[in-house]
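Notes follow once the structure below has been shown.
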Amino acid sequence: MTDPQDTQFLPLTRRQVLEAGTVVSASGMISTATAQAQTQVTTSPSLPENGTTVHIACRVNGQPTAIDIDARASLLDMLRERLGLVGAKKGCDHGQCGACTVHIGGRRIASCLTLAAKVNGREVTTIEGIGSADGLHPMQQAFIDHDALQCGYCTPGQIMAAIACVKEGHASTPEDIREYMSGNICRCGAYVGIVAAIEQAAPQIERG
């Protein structure tokens, strides 16, 4: 005779066992993912709130500049949208094409990856600050002489990077020039002219 207490342990099919196991496993995964997400939220570094402004006082192309700007704004956006210096171009916006190259304290940087707040108290030089219509910079003249441009979109960044390449001491051979200019992309393929232009301008820039 069957014990009445045994009736609570009803036989389960294989399908029911698998379904129950799947539910338990999924519940565990959801709980773990939720816990990880909460940990990431609580441990993420605090960032300035959108709309927070900072005051920047620097020199741009030799001119004293003071401006209040969003704390998250890039140097490229400050130059183009606030100061009207549109020579530096927005290409990839990820620091991979070099079209936005400018100099900070004489060193080339990708302005799309540089916070505007970082230039407070520093010297910024853009393509607008290296020559004039009456007296082109030697590198600008060399680019014209060797037809080192086609559409011209990347040319300001190419020229700023080329000047830095010479001043860094990396323009002694065509191989060095190609290596140290590799961060600047010319989608028109004017690389032969660019290398030739740098070779021409290098001696004059090195003499100062």
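The values are calculated or read from the model by the stated rules, or taken from the named source; none is laboratory data. Note that the structure is predicted; figures quoted are calculated from it, not measured. As a convention, Cβ positions derive from the backbone with ideal geometry for all residues, glycine included, and neighbour counts pool all protein chains shown. Remember, those area values only see protein heavy atoms, side chains included, never the ligands or the DNA or RNA. Shrake-Rupley method; radii C 1.70, N 1.55, O 1.52, S 1.80 Å.
Full-extension gain between ARG187 and GLU168, please, as 0.36 nm times their residue separation minus the C-alpha to C-alpha distance.
Details: separation 19, 0.36 × 19 = 6.84 nm, distance 2.49 nm.
Full extension from ARG187 to GLU168 adds 4.3 nm.
Note down the nm distance, to one decimal, between modelled labels 7 Å out along Cα→Cβ at LYS90 and at TYR153.
Computed distance between label sites LYS90 and TYR153 equals 1.4 nm.
Add +1 for every Lys or Arg and -1 for every Asp or Glu among the other residues with Cβ under 10 Å from the Cβ of GLY87, and state the total.
Values: positive: ARG80, LYS89; negative: GLU128.
That sum, taken over residues with Cβ under 10 Å, equals +1.
Taking only protein heavy atoms into account and a 1.4 Å probe, give the accessible area per residue of region 41-129 in Å².
On the way: 4890 Å² over 89 residues.
Ligands and nucleic acids excluded, the figure is 55 Å² per residue.
Can you compute the FRET efficiency between ARG107 and ASP145 using 1/(1 + (r/R0)^6), with r the Cβ-Cβ distance and R0 = 22 Å? Round to the nearest 0.05. Working shown, then result.
Values: r = 27 Å, r/R0 = 1.21.
Efficiency at R0 = 22 Å is approximately 0.25.
Give the accessible surface of region 138-207 per residue, rounded to a whole number of Å², with probe radius 1.4 Å and ligands, DNA and RNA excluded. List each step's numbers first, then the result.
Working: 3520 Å² over 70 residues.
On a per-residue basis, 50 Å².
Contour minus end-to-end for ASP68 and LYS118, with contour as 0.36 nm per residue of separation and end-to-end as the Cα-Cα distance?
Contour length minus Cα-Cα distance gives 16.7 nm.
When the accessible area of region 41-129 is split by element with a 1.4 Å probe, what percent falls to carbon and sulfur?
Working: 2400 of 4890 Å².
The value for region 41-129 is 49 percent carbon and sulfur by accessible area.
In terms of the Cα gyration tensor, with a ≥ b ≥ c the square roots of its eigenvalues, is region 41-129 rounded because a/c is under 1.5, prolate because a/b exceeds b/c, or oblate?
On the way: a/c = 1.96, a/b = 1.35, b/c = 1.45.
Since a/c reaches 1.5 but b/c is at least a/b, the shape of region 41-129 is classed as oblate.
Considering only protein heavy atoms and a probe of 1.4 Å, how much of the accessible area of region 138-207 is carbon and sulfur, as a whole percent? Spell out each step's value before the answer.
On the way: 1790 of 3520 Å².
Result for region 138-207: 51 percent of the exposed heavy-atom area is carbon or sulfur.
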